[in-house]
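Step one of this worksheet: look at the structure below.
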Amino acid sequence: MGRVASKDWPEGTCVVVPDTQRPDGFWSNIQTEQQERINTTLRDMYAELGCLPLSPSLTPLIRKIEAHWEAPTLHG
């Protein structure tokens, strides 16, 4: 089921379709399409996060966490 947004039915418009006119798998197709769109949006958001500069106030905290992970642990 592809995206069907057009000038007649813009994305976000609610269209009511009677049960008798719905093809088999209608709701699962809608669910799959929405999940794919959400996944794409989240991937794009997270990809952009890596490009943002780190806040100067977070730099000391990041350094502290990195030092903790790099420090050897002693097992008694």
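The values are calculated or read from the model by the stated rules, or taken from the named source; none is laboratory data. Note that the coordinates shown come from a computational prediction; the quantities given were computed from them, not determined experimentally. Here the Cβ positions follow ideal geometry from the backbone for every residue, glycine too, while neighbour counts run over all protein chains shown.
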Contacts under 6 angstrom Cβ, first residue in the stretch 9-32 being part of a helix (DSSP H, G or I), partner at pLDDT below 70, 6 or more apart: Asn29/Met1
Filter result for the condition that a residue is out of contact with any Pro (no Cβ under 9 Å at 6 or more places or on another chain), surrounded by 10 or more Cβ atoms within 10 Å (Cβ to Cβ) and at pLDDT 90 or above, over Glu36, Glu66: Glu36
Among residues of the stretch 33-76, those that are in a helix (DSSP H, G or I) and more than 30 Å from Val15 (Cα to Cα), counted: 16
